1. How big is the shadow of the Cα convex hull of region 36-96, averaged over all directions, in nm²?
2. Note down the net charge around Leu262, summing +1 for each Lys or Arg and -1 for each Asp or Glu among other residues with Cβ under 14 Å from its Cβ.
3. With a cut-off of 8 Å between alpha carbons and a minimum separation of six or more residues, what is the relative contact order of region 2-115 in percent?
4. Output wanted: per-residue J couplings in Hz (rounded whole) for region 25-39, from phi through Karplus 6.51 cos²θ - 1.76 cosθ + 1.60, θ = phi - 60°, x for Gly and Pro.
5. Angle, helix 329-357 long axis vs. longest principal axis of the chain, Cα atoms, 0 to 90°, nearest 10?
6. When the dipole is taken about the Cα centre of the chain, and only Lys, Arg (+1) and Asp, Glu (-1) are charged at their Cβ, what size is it in debye, to the nearest 20?
7. Give me the angle, in degrees from 0 to 90, between the Cα long axis of helix 109-121 and the longest principal axis of the Cα atoms of the chain, rounded to the nearest 10.
8. Once the Cβ-Cβ distance between Glu221 and Gln168 is put in as r, and R0 is 30 Å, what FRET efficiency do you end up with, to the nearest 0.05?
Amino acid sequence: MQYDYDILIVGGGLAGNSLALALKDAGLRIALVEASSKEQRQHSPAGDRALALSAGTIKLLQALGAWEGIKDQATAIENIHISDQGHFGKARLSAKKEQVDALGYVISARNIEAHLAGLVEQTAIKQICPGRVIGLISDRDAVHVSLKVNDQAISLSVRLVIGADGGQSSVRRLLEIPQQVTEYGQTALITTVKTTLPHNNTAFERFTESGPLAVLPVNAEECSIVWTRDQEDAADLMSSSEAVFLEQLQQCFGYALGALSLSAPRRAFPLSLVRADSMVSGRTVIIGNAVHQLHPVAGQGFNLGIRDVVQLAEMLLEQQQKKADIGGADFLQRYAETREKDHDLTINFTDGLVKIFSTDWLPLAAARSISLAVLDHMPVAKSLLAKHAMGLAGRLPRIGRRR
C-alpha cells in the first residue's frame, strides 16, 4: 500500500516537537500538523508558565540536541525547601549533597517551545501549520486522515498517527476515548515576582490548607509563582488590587525572600486530574497531556510527558530497525503497557500530595508536619525523594544515554 507519510504527529507543542526531534534521523517520512500559528503560540497565556525541568528531563533534552540552545535561559535549582504553613515541619534537599550540579532547572514554557519548534524547522520533517485534524479512520493497514488547512480539505494516508495535541486533544476526541476527571475545586494563580532578597537558586514548595504554593527561581532577581487556592479565593484574588494580592501572597509565603512585587500579569488556570482510559485506538496513539493532565504540585506534568515521548521514540526506532510494523496493534499495546506503571506512580504520587497537604484537619496536619521534620533528618530517605524530584528514581529510556 502507498502511504503519504509513515508518521503524522498531531500537535506542535512540547511533546510533539520533542518526538519529532527524537525521530528525525530514523529514515521515516514524518509530517507534523499544528492548529495554531507561530504568532498565536508566541502570544498564548500558557507560554507564561514556568516549567520545572527535572534532571532526568535535562538528560533527555541533551540527547535530543535541544539543551545547549536554551540552558542559558534556564535557572538552576540547587536547593528545594519544603514547608507546611502554620506547622513546624520542614525538609530541605540539596544538589550539593546529591553530588549533582542541579536538582532541576526552571524555564518559561514559551522559551522552550520556541526553541524546540525552531529545531524542528531545520529538519526534513514536513510541517503543516496552521492545520486541523477533522477526521480519523483506521483500517488494517493505514490511518486515513482528513485535515483542514487554510479552509482547504486535505486527505492523507499514514501508517501511524501520534496525538500530542494537549489537554483539549482533537485526536482523543475524534477517537472517542473516554477520560476520568477528578475536579480538585482549586485554581492555580500564575505570576512572576521580584524579590528584595536573593533566592540563592532555591525552589520553595509551601503547603497550605488551600493548596500548595510553589516559588521557583527564574533569574537573578525574580521568581515564578504557582499559587493554588480554592476557586472562590482565587476569583477574589484575581479581581483584587495588586496591593491586596501581594499582601495575601506575602502572608502565605512569609519573608524568606524579603518583600515581593509583581513583575508579570496574574493568570488563573482551573485544576483537575485528567486521565484517558486508553492510549491506543487502531493505528493511533496519544501521548503527553492528551493522555494525562496533573496538578502542578511537584511539577511532574511536563516531565512525565517527556518520558512518554522518549519511550515511544525508543520503541519506534527499534521497530523501524527490525523493519516491523510501526503502527501494529501488538506494538502499540506494548508501548501503552510499558508506560502504564510510570503513569500510575506519578499520578498517584501527585494526587496523594494534593489530598494530604490541602487540608487543615488537625491530626493529619500534625502527622505531615512530623513526617517532614523526620524526613529532614533521614539522609537516605531525603536522597530517595531527591531522586524522584530529579526524575532519576526509575530507568531512563536508552535514547537518553546514547550520546
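1. Values: hull surface 27.4 nm².
Quarter of the Cα hull surface area: 6.9 nm².
2. Working: positive: Lys194, Arg266, Arg267; negative: Asp48, Glu221, Glu222, Glu242, Glu247.
Here the charged neighbours net out to -2.
3. Details: 142 pairs, mean separation 32.7, N = 114.
After rounding, I find 29 percent.
4. Rounded to whole hertz, the list is 10, 7, x, 9, 7, 10, 10, 10, 10, 9, 6, 9, 6, 4, 5.
5. Result, in degrees: 10.
6. Details: 41 positive and 43 negative charges, 227 e Å.
Here the size comes out at about 1100 debye.
7. 20
8. Numbers: r = 35 Å, r/R0 = 1.17.
The computed FRET efficiency comes out at 0.30.
Read the figures in this text as sums done on the coordinates, not as results from a lab. All values reported here derive from a predicted model rather than from experimental measurement. With ideal geometry, Cβ positions are generated from the backbone for all residues, glycine too; neighbour counts draw on all protein chains shown.
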